[in-house]
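The values are calculated or read from the model by the stated rules, or taken from the named source; none is laboratory data. Bear in mind that the values here come from a model prediction, so they are computed numbers and not experimental data. Counting neighbours? That spans all protein chains shown, and the Cβs are built from the backbone with ideal geometry, glycine included.
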Amino acid sequence: MSVQRGRPVVTLLTDYGVTDEFVGVLHGVIARISPDAHVIDLTHGVARHDIRGGAMVLAQSLPYMPVGVHLAVVDPTVGGDRRAVALLLRDGRMLVGPDNGLLWPAAQAAGGVERAVEISRSRWRLEPVSATFHGRDIFAPVTAHLAAGAQLETAGEPLDAAMLVQLQTPRAWVEAGSLVVTINTADRFGNLQLAATLADLAEIGPSLGDEVQLRLPSGETHAARHVRTFSDVDEGGLLLFEDSAQKLALGFNHGSAMSRLGLRAGDELRITLARDS
């Protein structure tokens with residue numbers, strides 16, 4: 001199966017940053033093969049080697065993208081024995097990238113994988129293949145050919161979708177009256193997205209406007225206000241809110257929760273309803 005007719009859409013997500021030439025080279029490879037493609041840079045600011053963070057961004061962003069071919073590269077074991085894959089999802093999208101769990105949450109959010117192929121030895125790869133830049137030599141040319149209308153089955157060897165690496169995402173739980181949560185990602189403003197939702201928070205009781213206590217891995221405690229948005233607390237105030245992906249998040253009004261609290265993706269903390277709320 002190929003992508004829908006009309007001007008093809010390609011999205012790019014990487015941890016490459018924008019200082020070096022890597023992103024521009026991806027654009028160039030795609031433009032040479034599929035010059036009509038509309039390429040959208042979803043982000044190149046995923047934290048270096050942060051597979052889980054990249055996976056969360058990809059899964060949360062794709063519903064807002066047109067159906068197309070979506071290239072994602074966060075690949076700390078590039079050149080090793082991990083597979084390179086192209087996937088057809090049940091909603092018609094195609095994903096291209098390393099089989100290290102990066103693509104899994106987005107695939108599940110789209111209803112699952114319809115078909116998968118292994119593309120490490122794709123006939124479309126650029127020779128010689130660099131051991132350290134598969135984005136250029138494997139993923140970008142395969143993405144471009146698929147966007148130009150090539151069939152998925154011609155991109156590589158068939159792969160049983162059950163063999164794909166399945167990224168296990170953290171879940172929140174209640175323990176001794178506290179909601180135990182893991183930090184998913186941090187954005188450039190220092191807001192910390194949590195692996196939890198308002199439904200999870202409701203299990204310990206706070207309503208909008210209530211104060212909660214945060215216990216950090218260090219043992220420090222901080223008070224935060226459960227509110228709708230930043231302006232609902234004083235400048236410099238810590239807030240617990242629902243972000244645009246319908247996840248709980250921590251932020252400071254005119255500040256960085258990440259730097260103020262000294263937290264990062266993967267850290268675990270406990271949220272408890274303040275006694276006087």
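Restricting Val165, Val212, Val174 to residues that are touching a helix residue (DSSP H, G or I) at 6+ places or on another chain (Cβ under 9 Å), part of a strand (DSSP E or B) and surrounded by fewer than 20 Cβ atoms within 10 Å (Cβ to Cβ) narrows the list to Val174. If the requirement is being assigned by TED's automatic domain parsing to the domain that holds Gly135, assigned to a loop (DSSP other than H, G, I, E, B), touching a Gly at 6+ places or on another chain (Cβ under 6 Å) and of a type in the set (A, V, I, L, M), which of these qualifies: Val67, Val18? Step by step, each of Val67, Val18 is checked, and only Val67 is assigned by TED's automatic domain parsing to the domain that holds Gly135, assigned to a loop (DSSP other than H, G, I, E, B), touching a Gly at 6+ places or on another chain (Cβ under 6 Å) and of a type in the set (A, V, I, L, M). Within the stretch 56-72, is even one residue within 20 Å of Val129 (Cα to Cα), at pLDDT 95 or above and touching a His at 6+ places or on another chain (Cβ under 8 Å)? Looking through the stretch 56-72, none of the residues is within 20 Å of Val129 (Cα to Cα), at pLDDT 95 or above and touching a His at 6+ places or on another chain (Cβ under 8 Å).
Being modelled with pLDDT of 95 or more, under 19 Å from the mean Cα position of the chain (by Cα), over 22 Å from Pro170 (Cα atoms) and not in a helix (DSSP H, G or I) holds for only one residue in Val117, Val78, Val129, and it is Val78. Candidates are the residues of the stretch 58-86 that are closer than 23 Å to Pro8 by Cβ and touching an Asp or Glu at 6+ places or on another chain (Cβ under 8 Å); the one that is surrounded by the fewest Cβ atoms within 10 Å (Cβ to Cβ) is Val67. In the stretch 29-56, the residues that are in the same structural domain as Phe139 (by TED's automatic domain parsing) form Cβ pairs under 9 Å with partners that are assigned to a helix (DSSP H, G or I) and of a type in the set (D, E, K, R), at six or more places apart or across chains, as follows: Val29/Arg136; Val29/Asp137.
Entry remark, the stretch 232-253: residues being among the hydroxyl-bearing types (Ser, Thr, Tyr) and either surrounded by 12 or more Cβ atoms within 10 Å (Cβ to Cβ) or under 13 Å from Leu208 (Cα atoms) (or both) number 0 in total.
The single residue among Leu201, Leu263 that is aliphatic (A, V, I, L, M), assigned to a helix (DSSP H, G or I) and in contact (Cβ under 8 Å) with a residue 24 or more places away in the chain turns out to be Leu201.
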